[in-house]
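The values are calculated or read from the model by the stated rules, or taken from the named source; none is laboratory data. The structure presented is a predicted model; accordingly, all values stated were derived computationally and were not measured. Because the Cβ atoms are built from the backbone with ideal geometry, glycine has one as well, and the counts that use them run over all protein chains shown.
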């Protein structure tokens with residue numbers, strides 16, 4: 001796996017982890033620091049997760065545009081990023097909306 005593909009993989013895994021476990025992370029951050037309410041930590045983590053997914057997709061587009069990624073590999077990475085990123089972002093948004101009441 002090339003260096004650029006590793007970064008795409010790391011971004012995707014990190015964004016997925018943050019998006020799925022944001023509620024637990026929010027409670028943990030609140031318990032550790034107590035500076036903000038858990039809902040604020042959850043908002044920050046949700047935005048961070050969605051932002052990492054968006055950055056991952058933009059990064060893939062730039063890599064393809066510069067020619068450092070072949071078409072087949074680009075199609076696979078883009079499909080995986082959109083499917084996983086979309087599902088996790090919808091889940092994170094749902095959890096955030098439920099917290100807001």
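A single member of 99, 91 is assigned to a helix (DSSP H, G or I) and modelled with pLDDT under 95, and it is 99. A search for C-beta distances below 6 Å between a residue of the stretch 45-72 that is at negative phi and at pLDDT below 95 and any residue that is crowded, with 18+ Cβ neighbours inside 10 Å and not in a helix (DSSP H, G or I), counting only pairs 6+ apart in sequence or on different chains, returns 63/69.
Among residues of the stretch 22-36 being farther than 17 Å from residue 100 by Cα and surrounded by fewer than 16 Cβ atoms within 10 Å (Cβ to Cβ), the one that is modelled with the lowest pLDDT is 34. Taken together, 46, 79, 14 contain a single residue that is assigned to a helix (DSSP H, G or I) and crowded, with 18+ Cβ neighbours inside 10 Å, which is 46.
Those residues that are surrounded by 14 or more Cβ atoms within 10 Å (Cβ to Cβ) and under 13 Å from residue 8 (Cα atoms), I need them from the stretch 49-76; list them, please. Those that are surrounded by 14 or more Cβ atoms within 10 Å (Cβ to Cβ) and under 13 Å from residue 8 (Cα atoms): 52, 53, 54, 56, 57, 59, 60, 63, 64, 69, 73, 74.
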